[in-house]
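Student: Have a look at this one.
The values are calculated or read from the model by the stated rules, or taken from the named source; none is laboratory data. What you see is a predicted model, and the numbers here were worked out from it, not measured in a lab. Heads up, the Cβs are rebuilt from the backbone with ideal geometry, glycines too, and the neighbour counts pull from every protein chain shown. Each accessible area value is taken on the protein alone, full model and side chains, heavy atoms only, with ligands, DNA and RNA left out. Shrake-Rupley method; radii C 1.70, N 1.55, O 1.52, S 1.80 Å.
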Amino acid sequence: MNEKIKIYDEKMEKSIKALINEYNGIRAGRANPHILDRITVDYYGVPTPLQQVANISVPEARVINIAPWEKKMIGPISKAIQMADIGINPTTDGSSVRLIFPELTEERRKDLVKDVKKKGEGAKVAIRNIRRDGMDKFKKLKGTEISEDGIKDLEDELQKITDKYIASVDKEIEAKSKEIMTV
C-alpha cells in the first residue's frame, strides 16, 4: 500500500474501532461487562478503572456480578455505577455488587437501534471527512514530482479504501441492530 494512502487507511481503521467501542457500551438486554469499561472508582483518592479494583463476572444472561478485592470498596463501586448513569441501579449483598438487566421493551429496542444507526452515520461522516482531507492533499500535489495519472491513481485507491470502511460500518450497524432486536 502506498505510504500516502496508508495514513488515511489507519485513520479510517481508528474510526471503526471507536464505533465498535461505542457499540460495546450499548446494552442490548443481555449483561455485557463492557458497559463498565468507562467507570472509574475512587480508590484511596485515585480514580481507578473498575476492572482494577474488582472481579467482574456474568453468572447469568442478564446479571453482572462485581466482587471487589476489598469489602470496603462496595460502597464506592455502587456509587460510581450510579454516577455513571448506565440506566441500572446496583444492588449489594454485603460481599458483591450485582447489576440486574431488565428485559428490554420493544419500544426501547427500537430506540436503541435508532441510536446505533445514528452512531454508525457519525462514523461514516468521519470516514468521508478523512477521504476529503486526503483528496484535498492529493490535489495540492499537482505540479510536483507526481504525475496527473499518479494523483488520479491515489484518489482511486483512497476511494476504494473509503468504500471498504463504509461497508464495514454498515456491517457493524447491521450486527448490533440484530443483536438488540433479538429477544
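Student: For region 58-83, name all the residues that are in contact with a Leu (Cβ under 8 Å, 6 or more places away or on another chain) and either open to solvent by 70 Å² or more (accessible area, probe 1.4 Å) or in contact (Cβ under 8 Å) with a residue 40 or more places away in the chain (or both).
Tutor: Result: 80, 81.
Student: Go through region 129-143 and give me each residue that's open to solvent by 40 Å² or more (accessible area, probe 1.4 Å), without any contact (Cβ under 8 Å) to a residue 60 or more places away in the chain and in contact with a helix residue (DSSP H, G or I) (Cβ under 7 Å, 6 or more places away or on another chain).
Tutor: Answer for region 129-143, where residues must be open to solvent by 40 Å² or more (accessible area, probe 1.4 Å), without any contact (Cβ under 8 Å) to a residue 60 or more places away in the chain and in contact with a helix residue (DSSP H, G or I) (Cβ under 7 Å, 6 or more places away or on another chain): just 142.
Student: Ok, one more. Quick check on my filter: what residues within region 1-60 are aromatic (Phe, Trp, Tyr), modelled with pLDDT of 90 or more and within 30 Å of residue 106 (Cβ to Cβ)? Break it down stepwise before answering.
Tutor: Of all residues in region 1-60, those aromatic (Phe, Trp, Tyr) come to 8, 23, 43-44.
This time we only want the ones that are modelled with pLDDT of 90 or more, so: 8.
Result: no residue meets the conditions.
Student: Something else now. Restricted to region 24-41, and to residues that are assigned to a helix (DSSP H, G or I) and open to solvent by 30 Å² or more (accessible area, probe 1.4 Å), which residue is nearest to residue 70 (Cα to Cα)?
Tutor: Going residue by residue through region 24-41, those that are assigned to a helix (DSSP H, G or I) are 24, 33-36.
Restricting the remaining residues to those that are open to solvent by 30 Å² or more (accessible area, probe 1.4 Å) gives 24, 33-34.
On the way: 24: 27, 33: 20, 34: 22 Å.
Here the answer is 33.
Student: Now a separate question. Which pairs turn up if I take residues in region 1-23 that are open to solvent by 70 Å² or more (accessible area, probe 1.4 Å) and look for partners that are basic (Lys, Arg) with beta carbon separation below 9 Å, at least 6 apart in sequence or on another chain?
Tutor: Close Cβ pairs (under 9 Å, with a partner that is basic (Lys, Arg)) amount to 4/137; 22/119.
Student: Okay, next question. Can you tell which of 177, 168, 96, 147 is under 20 Å from residue 39 (Cβ atoms), among the small types (Gly, Ala, Ser) and out of contact with any Leu (no Cβ under 8 Å at 6 or more places or on another chain)? Break it down stepwise before answering.
Tutor: Values: 177 fails: under 20 Å from residue 39 (Cβ atoms); 168 fails: under 20 Å from residue 39 (Cβ atoms); 147 fails: under 20 Å from residue 39 (Cβ atoms).
From the options 177, 168, 96, 147, the qualifying one is 96.
Student: Could you grab me the full set of residues in region 42-62 that are assigned to a strand (DSSP E or B), aliphatic (A, V, I, L, M) and under 21 Å from the mean Cα position of the chain (by Cα)?
Tutor: At the first step, the residues of region 42-62 found to be assigned to a strand (DSSP E or B) are 42-43, 46-49, 54-60.
From the residues that got through so far, the ones that are aliphatic (A, V, I, L, M) too are 46, 54, 56, 58.
Correct list: 56, 58.
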